[in-house]
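Chemist: Okay, handing you the structure first.
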Amino acid sequence: MLEELQQKRIECPHCGHHLHLVIDTTGGDQDYYDECPACCCDIHLNMHINEVEQEVELAIDADDEQVF
Ligand SMILES: [Zn+2]
């Protein structure tokens with residue numbers, strides 16, 4: 001059984017600052033932004049729940065290579 005709240009340690013893609021996140025897995029896959037407390041840049045977080053492995057996969061990017 002997957003824990004509902006998981007602690008993840010991530011690294012800011014802009015400045016390398018380490019952040020601790022608590023992610024809520026009850027809502028399923030999520031795609032959201034968080035702000036780095038060190039450099040105030042947006043961090044794009046993409047959470048995917050792998051139901052086979054019962055694991056949370058978290059993809060992080062700086063979102064600076066988006067083409068509009
Ligand atoms: Zn940062």
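Chemist: Which whole-Hz couplings ³J(HN,Hα) result when phi for each residue of the stretch 13-28 is put into the Karplus expression 6.51 cos²θ - 1.76 cosθ + 1.60, θ = phi - 60°, listed in order with x for Gly and Pro?
Modeler: Taking θ as phi minus 60°, the curve returns x, 8, 10, x, 5, 8, 10, 9, 10, 10, 10, 9, 8, 6, x, x Hz for the stretch 13-28.
Chemist: Moving on. Hey, if you put +1 on the Cβ of every Lys and Arg and -1 on every Asp and Glu Cβ in the stretch 5-61, which of H18, V56, Y32 ends up farthest toward the positive end of that dipole?
Modeler: With unit charges placed on the Cβ atoms, the residue in question is H18.
Chemist: Need the full-extension length gain, V52 to D64, defined as separation in residues times 0.36 nm minus the C-alpha distance. One decimal, nm. Before the final figure, lay out the partial values.
Modeler: Numbers: separation 12, 0.36 × 12 = 4.32 nm, distance 3.16 nm.
Stretched fully, the V52-D64 segment lengthens by 1.2 nm.
Chemist: Let me ask something additional. Enter the per residue convex hull volume of the chain, computed from alpha-carbon coordinates, in Å³ rounded to the nearest integer. Write down the numbers at each step before the final one.
Modeler: Numbers: hull volume 6.4 nm³, N = 68.
In the chain, the Cα convex hull volume per residue is 94 Å³.
Chemist: Now a separate question. Local charge sum around H17 (other residues, Cβ-Cβ under 13 Å, Lys/Arg +1, Asp/Glu -1)? Before the final figure, lay out the partial values.
Modeler: Working: positive: R9; negative: E11, D34, E35.
That works out to -2.
Chemist: Could you work out how much longer the chain between H17 and Y33 gets when fully extended? Use 0.36 nm per residue separation minus the Cα distance between them, nm to one decimal.
Modeler: Numbers: separation 16, 0.36 × 16 = 5.76 nm, distance 1.58 nm.
Stretched fully, the H17-Y33 segment lengthens by 4.2 nm.
Read-outs throughout are calculated quantities, based only on the coordinates presented, and are distinct from any laboratory measurement. Keep in mind that this is a model prediction, so the values were computed, not measured. Glycine also receives a Cβ, built like all others from the backbone with ideal geometry; neighbour counts cover every protein chain displayed.
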